[in-house]
Amino acid sequence: MRLDRKVALVTGGGSGIGEGAAKAFARAGAAVAVVDLRPGPAESVARAIRDEGGTAEAFVADVSKEDQIGTAIHRAAERFDGLHIVFANAGINGMQTPIEEMTLDEWHQTIETNLTGTFLTVKHAIPHLRAAGGGSIVITASVNGNVLFSLPGYACYSTSKAGQVAFAKMAAAELARWGIRVNAILPGGVSTNIGERTYRRNVEKVTYDIRMPRPWPPLTGRPATPDEVAELVLFLASDASRNITGGEFLIDAGLSLLRG
């Protein structure tokens, strides 16, 4: 699963799954554009890659703002003379609350970051991927909204993640003519810092009385690490998956088998 002479761009690359994927891409030989809303974490990851002997540069962008993410993608392609891999990973949990208590602004914030941000990332990457003769797009969706529907207060987040999978499949069909593959990953629990931007209000009103068996999740008894998820992303980015597009790939240690 080598990526020699390839250029990869990772949104949300300053931490969590994005950081793990950026480092995995670099170790596999790719030059990496680390895109994040926060300048400090983006530069920290890029510097760590360079310290290991890899090639990386940090770019700052809010994926929900077309001018910002469009500019970041264009500058990354210019800096590294092309673009072959896009990991549309940036996202937030946002506000978790009963539907009747969610404000329109809270709804928009999550949808615009997770779903609109994915659309804008893919939209502005297409010309560069097409110019390269094809490439791979991987989208971070979730078990929520696709195979899991019982977490209280997750209506907005789950809707955004279901939309990402539908978008990935539509994009896979449309972009196949140019040799561009599009796949989505569906992580379950992962140890990241996404909780820092997660907010909860009155979820006890819509909580279900569900008791999960031990260990939980069934296969490992612990959340996945970002590096473990990054291994799946690396596979989907590499030529090892050259005949795979339009797929949705669970990586949840069996969580959704017992809680749907």
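All of the numbers you see were taken from the coordinates with simple rules; none came from a lab. Bear in mind the structure is a predicted one, so any value in this text is a computation, not a measurement. No Cβ is skipped: glycine too gets one built from the backbone with ideal geometry, and neighbour counts run over all protein chains shown.
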Selection over the stretch 155-164 where residues are farther than 8 Å from Asn114 by Cβ and crowded, with 22+ Cβ neighbours inside 10 Å yields a count of 1
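Scan the stretch 96-132 for residues that are assigned to a loop (DSSP other than H, G, I, E, B) and touching a helix residue (DSSP H, G or I) at 6+ places or on another chain (Cβ under 8 Å) and jot them down.
Correct list: Thr97, Pro98, Met102.
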Determine whether the stretch 45-66 contains at least one residue that is in contact with a Phe, Trp or Tyr (Cβ under 7 Å, 6 or more places away or on another chain), among the hydrophobic types (A, V, I, L, M, F, W, C) and crowded, with 20+ Cβ neighbours inside 10 Å.
-> no
So Arg200 fits all but one of (1) closer than 19 Å to Gly91 by Cβ; (2) surrounded by 15 or more Cβ atoms within 10 Å (Cβ to Cβ); what number is the exception?
-> (2)
Quickly run through the stretch 20-35 and pick out the residues that are touching an Asp or Glu at 6+ places or on another chain (Cβ under 9 Å) and either assigned to a loop (DSSP other than H, G, I, E, B) or not aliphatic (A, V, I, L, M) (or both).
-> Gly20, Lys23, Arg27, Ala28, Gly29, Ala30
